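The structure under discussion appears below in the form of structure tokens.
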Amino acid sequence: MNYVKKLSLLLVVALVVALFSFSVYAQEYGGTFVFGRGGDSVGLDPIQVTDGESFKVTQQVYDTIVMFKPGTTEVIPGLAKDWKVSEDGKTWTFHLREGVEFHDGNPVNAEAIKWNFERWGYEDHPYHIGGEFTYYAYMFQDFPGVIKEVNAVDEYTVEFVLENPQGPFLNNLAMVSFGIASPAAVKKWGEDYFKHPVGSGPFKFVEWKQGDRVVLEANEDYWDGRPYLDKVIFRSIPDNGARYMELRSGSIDMMDYINPEDVQSVKENEDLDLILRPSFNVGYFAMHQDFEPFDNVLVRKAFAHAINKEALIGAFYAGLAEPAKNPLPPSIWSYNDEIEDYPYDLEKAKELLAEAGYPDGFEFDFYYMPVPRPYFPQPKMIAQAVQYYLSEIGVTANLLSYDWGTYLDKYYDDQFQTYILGWTGDNGDPDNFLYVLLDQTQNNCGYESEELHEILIEAQKSVDKEERIALYKEAQEIIHEDVPWVPIAHSTPPLVKKTMVKNYIPNPTSTEKLHRVWLND
Amino acid sequence: MTNEEIKRRPSNPWYEAGRRLLKNRIGLLGIVFIGILLFIAIFAPLIAPYDPLAQNIMGRYKAPSSEHLLGTDEMGRDILSRIIYGSRISLQVGLFSISIALITGVFLGLLAGYYGGFWDMLIMRIMDIMLAFPAILLAIAIVAILGPQLRNAMLAIGIINIPRFARVVRSSAISIKESEYILAAKMMGASDVRIIFFHLLPNAMAPLIVQTTLSIATAILEAAALSFLGLGAQPPTPEWGAMLTDARSSLQQAPWVATFPGLAIIFGVLGFNLLGDGLRDALDPKMKNV
């Protein structure tokens, strides 16, 4: 009996080993991976940029102290192999991996990390140059903000002392913006550093032909193992249709932002796979309360009843989205599923308008963005559909647009009466949606709620997750009642790859490291 | 013979030109095209089977059928109805923008041609500068400053067409102003205004009419181009050029969405071009015997 047991155990072990070795064996080294995207990077110093196209590249070149587990927003070790936080939540200690080097051969140690944070956070730092350091101020509230000091305890131990506890602190450190750069390279290039990025990530920077392509090559000594790919090229092909043609003809291996109309043909094509990025965004219609009559909550509620979200998703997202009732996407913790959305009901909407004193409707400007975004793949059509829904309750929206840069400028300038826009979360924390988009000190829709502000600040300072969940659920109820926006959809952005591209795991935060991707030629 | 009788004589040049135009097949075809276009534009609400703005996002990209003769577009709107209403916009653009160009251009041309000297120099150099820019580029610049709206697009098209009219009028004014009957009018004490409007302008009429007709054709095309670039009519206005631009992304999957507005533009532009050609032949005194 004993003998049989032993034998079967041995068999199981052998099987597991065989399976494991087979899967290892199947992965192939080598090859060049070409990714086609809608636009060029703005810059390659991640702390200076906010656009997804820059982050796609810097994600490969840099490491962060901690990072997100592939396909999730769960925090896992990065440059730090482990960490601990003090009782009061104010002191974070990180133990770094030993022997990790930047691409220029300098060591990644506590001093280097301290130097990076001081460069970002201290406005009088000699290398606080080359941009606005936007995301630092965003996430740590000003310069130096929440981070009081960064200490290099020893070669491989770094300690952060915070002004007050910050709930999302660890998730913030995992954001691609806080990639650790080689101090020597920053000193060498100064203002021009954004064109010569040096980090410790899985791929080294080779060249950047602006408007055309960024070329990267494998970092042989990467701490998480050499990447399977030899080279990665990011090509800019602005037109969605043209990019799809290139993919079909084989000159690129993968692309994002496909026209929803083409999704069906991808599904029918044996050589192509449609993969879906986990939904982690929100597309919304905002009503600016500095303008009459949007200061009246009844008008805003009427609009919420007038828009048929299900129909919009069926028509313009190829079904790859779900209707939004909260600013938070359902995949994030603290999502309040008990909230009941305002149903599509034209009669109710008309009643509310009449009650607000506008039985005969009114006229206003409605802005839509000129470029497809993950949350609004076809903004012009969606805007026209919304305009039509609103015309059915007797209000007239004049559709207007600007080029993308101007559009964002005017949005930040509070010049739009109503507009559509959206957001993709970048650190997996609800704070990154609710505080950034709707707090009265941050939002661009004239929404003021002291009650909400207090909740959001309290949630920021708390490190107790249960408490934070309760606070954010309450925040969503307030937002639901005040209707600063009509949330429209949480999309599941489609990516298209050739079937020969293996193990591409899209992350909700919209960028991912490519060192585990391999090509099956 | 009294004056009345002289006017009624069949040898009146306008009457002659009209007769020749109707005999000219090309010109006649142009008149027919424009006639159809006018008819459609005027009676659009009666002809169009659907509301051009009514959407049905459940029925997008429907192929032509008995229900929707030309199919439906990306918002599920009836393309035929949109084209029918679009004729109003195209005609409006043509007439409005060319009126701006005509009035301003004629005024400047007469001023430059009649007075000559400094005014001629100043006005015509400005016109030269405007002509030095590619027309559509100048229009884009003007719209970019004023903001993308149909009204501004019409204004821009009007402005870029001014030099053509100014040139035509100026050259005929110069050729006539030294003639003896103008001298006679001056001797009789006619004012400059009288001479300009009663003697110079009527003599420039023939080339002006041709120029106007042809310019309406280009204006329609330019408006479509501006709308195609997103600088003219804004959604959901059923403007032909704007319809084309929205159809671009579905060219492979629903070609009818782009085809029919394209044909409508061709039809409208061709009508005015043919009429312009016919008028040029009819009004040219050298072609009298054709």
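Rounded to the nearest 500, the 222 nm mean residue ellipticity of the protein assembly as shown from helices alone is -15000 deg cm²/dmol, with -39,500 (n - 2.57) taken per DSSP H run of at least 4 residues. Against chain A, whose longest principal axis is taken from its Cα atoms, helix A:2-26 shows a tilt of about 70°.
Starting from the Cα gyration tensor of the range A:288-446, take the square roots of the eigenvalues, sort them a ≥ b ≥ c, and report rounded, prolate or oblate (rounded when a/c is under 1.5, otherwise prolate if a/b is larger than b/c, else oblate).
rounded
Inter-chain neighbour count for A:389-398: the average number of beta-carbon atoms from partner chains within 10 Å of each residue's beta-carbon is 1. Across the alpha-carbon atoms of the range B:56-101, the computed radius of gyration and Dmax are 14.4, 44 angstrom.
For the range A:98-167, rounded, prolate or oblate, judged on the Cα gyration tensor with a ≥ b ≥ c (square roots of eigenvalues), a/c < 1.5 rounded, else prolate if a/b > b/c? The shape class here is oblate. Interface burial in the range B:203-252, defined as at least 50 Å² less accessible area with all protein chains than with the chain alone at a 1.4 Å probe, covers B:Pro235, B:Ser249. Each Lys or Arg adds one and each Asp or Glu takes one away; over the other residues whose Cβ falls under 15 Å from the Cβ of A:Gly30, this sums to -2. Placing R0 at 45 angstrom, the Cβ-Cβ distance between A:His196 and A:Lys502 gives a FRET efficiency of 0.90 after rounding to 0.05. Compute the accessible area per residue over the range A:295-381, keeping the other protein chains in place, probe 1.4 Å, unit Å². Using a 1.4 Å probe on heavy atoms only, each residue of the range A:295-381 averages 40 Å². Dividing the mean sequence gap of close Cα pairs (under 8 Å, 6+ apart) by how many residues chain A holds gives a relative contact order of 20 percent. Determine the relative contact order of the range A:338-484: mean sequence separation of Cα pairs under 8 Å and six or more apart, normalised by residue count, in whole percent. That works out to 19 percent. Solvent exposure of the range A:185-246, expressed per residue, is 44 Å² of accessible area, with all protein chains present and a 1.4 angstrom probe. Report, as a whole number in µm² per second, the diffusion coefficient that Stokes-Einstein gives for the range B:149-237 at 10 °C and 1.306 mPa s using the Kirkwood radius over alpha carbon pairs. My calculation gives 104 µm²/s for D.
The B-A contact accounts for roughly 1600 square angstrom of buried accessible surface, both chains included, probe 1.4 angstrom. In the context of the full set of protein chains, the range B:132-290 has a per residue accessible area of 46 Å² (1.4 Å probe).
Below 23 Å, Cα to Cα, which lysines can A:Lys348 reach? Residues fewer than 8 away in the same chain don't count. Of all the lysines, those that pass the test against A:Lys348 - Cα under 23 Å, at least 8 places apart if same chain - are A:Lys301, A:Lys309, A:Lys325. Between the range B:49-88 and the range A:406-422, the alpha-carbon centres lie 32 Å apart. For the range B:143-290, the relative contact order works out to 27 percent when only alpha carbon pairs closer than 8 Å and six or more residues apart are counted. Gyration tensor over the Cα atoms of the range A:148-230: the corresponding equivalent ellipsoid has semi-axes (square roots of 5 times the eigenvalues, largest first) of 29, 17, 14 Å. In chain A, the C-alpha radius of gyration followed by the widest Cα-Cα span (Dmax) gives 24.6, 88 angstrom. Expressed as a whole percent, the accessible area of the range A:242-333 that falls on carbon and sulfur atoms is 45 (1.4 Å probe). By how many degrees, between 0 and 90 and to the nearest 10, does the Cα long axis of helix B:79-115 differ from the longest principal axis of chain B? With both axes taken from Cα atoms, the answer is about 20 degrees.
What nm distance separates the two modelled labels at A:Thr32 and A:Lys209, each placed 7 Å from Cα along Cα→Cβ? Each label point is offset 7 Å from its Cα along the Cβ direction, giving 1.0 nm. How tilted is helix A:240-249 with respect to the longest principal axis of chain A? Cα atoms for both, answer in degrees (0 to 90, nearest 10). Tilt of helix A:240-249: around 40 degrees.
A:Asn164 to A:Glu123: extension gain in nm, 0.36 nm per residue of separation minus the Cα-Cα distance?
12.7 nm
Each residue, A:Lys410 and B:Met205, gets one label point 7 Å from its Cα in the Cβ direction; the gap between the two is 4.7 nm. Spatial offset of the range A:47-102 relative to the range B:176-213 amounts to 83 Å, using the alpha carbon center of each.
Once you average over the residues of A:236-243, how many Cβ atoms of partner chains fall within 10 Å of each Cβ?
Average per residue, whole number: 1.
Working out 0.36 nm times the residue gap between A:Glu340 and A:Lys69, then minus their Cα-Cα distance, what length gain in nm do you get to one decimal?
Going from the current span to full extension adds 94.3 nm.
Working note: Karplus 6.51/-1.76/1.60 with θ = phi - 60° gives the range A:71-87 the couplings x, 9, 10, 7, 7, 10, x, x, 5, 8, 8, 7, 7, 9, 10, 6, 3 Hz, where Gly and Pro are set to x. One Cα centroid belongs to the range A:204-231, the other to the range A:250-324; the line between them spans 33 Å.
The values are calculated or read from the model by the stated rules, or taken from the named source; none is laboratory data. In this text, all values refer to a predicted model and were calculated from it rather than measured experimentally. Using ideal geometry, Cβ is built from the backbone for each residue, glycine included, and neighbour counts are taken over all protein chains shown. Quick note on the areas: whole protein, heavy atoms, side chains included, nothing else; ligands and nucleic acids left out. Shrake-Rupley method; radii C 1.70, N 1.55, O 1.52, S 1.80 Å.
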